Amino acid sequence: MKIEKRDSGNYRIRKMYKGQMYTVSFDHKPAQKEALEAITKALNKIKTGNEMMTFRRAAESYVDMKRNVLSPRTIKEYSEAAKRLPEWFCVLPLSDIDQVQINRLVNELSKNRSPKTVSNYHGFVSAVLGTFCPNLKIYTTLPQKIKNEPYTPSQNDVKRILAEIKGSQFEIPITLACYGMRRSEICALAVEDVDGDVVHINKALVLNEDKQWVVKTTKTTESTRDIIIPAELAEKIREQGHVYKGHPGSITKCLERLERKLGIPKFPLHKLRHYFASEMSALGVPEADILRMGGWETDHVMKSVYRHSMMDKQEQAKRDAAEKLRNALFS
């Protein structure tokens, strides 16, 4: 510990604690004992502040400080994550949390949760600790992600579904999903957002932490966009005076019923965005345009969405080429 005189005439003492420098200032030159008592008092305040705070309290504080910055849906997910973590971890003082405890948490979560869910929980924990314990270095080994190749509806599947719901309250929302819109964007859409055959997408309907449906801005800046829809679909919206008035979950349930009735492999509503991306790619639409129309934030996300559906088309192309060679050789 060193007592330094500043150019201003004041004195300061500095002490390094857990990789961070702390300073106490005086308007006079303190005695060694006085300086030691002052820096000890300052460090005790830090320890009884952040370090003695439990993880649960830190998580709640973190959510509160982000409440006006993040979307209602993200706040809801963070609040739920804080409640679903094991009790033994939530009651730990921040001063007791180290990499060993984090490894123990991840190991326990990995027993009955998917790698993606574990990664999400770990991300939340890291964000909280990064705010309240900035000097804690986290280097956790997470469970390996499971490669998932979910079913993406074919053009024939989509045509059958749209034919089945023609004239119902679900015709417009499900058709809009085929044009790359998210369910939250569809449910927030108003007649005023449809200008001719152009749809202005600038808001979303989401569930907040109080389990209330609220309208907010779109998921990302890139999600705010304009798309073109068939003129006849735009006219239907204007004629009925709204896009969709039902509960968002009813759209999902309607699609599930149709899949069972038509014998189509099960897929969620969001997979119609995947169908949109894959069809646009198959039609030769440049990736940059698909990115803008779908409102994807990065091309990595967009490509990962439709890559698996392109594999079937590539496989068929290889078979067609092999068949042509066979005919040339043996016919």
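The values are calculated or read from the model by the stated rules, or taken from the named source; none is laboratory data. None of the values given here were measured: they were computed from a predicted structure. Every residue, glycine as well, gets a Cβ built from its backbone with ideal geometry; the counts of neighbours run over all protein chains shown. Each accessible area value is taken on the protein alone, full model and side chains, heavy atoms only, with ligands, DNA and RNA left out. Shrake-Rupley method; radii C 1.70, N 1.55, O 1.52, S 1.80 Å.
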Legend entry - Options Lys245, Lys236; residue that is loosely packed, with under 13 Cβ neighbours inside 10 Å and at negative phi: Lys245
Inset, instruction - Can you confirm whether segment 38-53 contains a residue that is modelled with pLDDT of 80 or more, open to solvent by less than 80 Å² (accessible area, probe 1.4 Å) and either in contact with a strand residue (DSSP E or B) (Cβ under 8 Å, 6 or more places away or on another chain) or under 30 Å from Gln212 (Cβ atoms) (or both)? - result: yes
Inset, instruction - Scan segment 194-231 for residues that are within 27 Å of Glu77 (Cβ to Cβ), at pLDDT 90 or above and in a loop (DSSP other than H, G, I, E, B) and report the count. - result: 3
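The rows are residues; the columns are (1) open to solvent by less than 30 Å² (accessible area, probe 1.4 Å); (2) modelled with pLDDT of 90 or more; (3) more than 30 Å from His274 (Cβ to Cβ).
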position	(1), (2), (3)
Val128	yes, yes, yes
Asn135	no, no, yes
Gln144	no, no, no
Lys147	no, no, no
Asp157	yes, yes, no
Ser168	no, yes, no
Thr175	yes, yes, no
Inset, instruction - Collect the residues in segment 57-116 that are in contact with a Ser or Thr (Cβ under 7 Å, 6 or more places away or on another chain), hydrophobic (A, V, I, L, M, F, W, C), part of a helix (DSSP H, G or I) and under 17 Å from Phe132 (Cβ atoms), keeping them in residue-number order. - result: Val63, Cys90, Ile102
Legend entry - Filtered residues of segment 250-267 (kept if open to solvent by 20 Å² or more (accessible area, probe 1.4 Å) and within 30 Å of the chain's Cα centre (by Cα)): Ser250, Thr252, Lys253, Glu256, Arg257, Arg260, Pro265, Lys266
Inset, instruction - Confirm whether Asp226 is in contact with a His (Cβ under 6 Å, 6 or more places away or on another chain) and open to solvent by less than 40 Å² (accessible area, probe 1.4 Å). - result: no
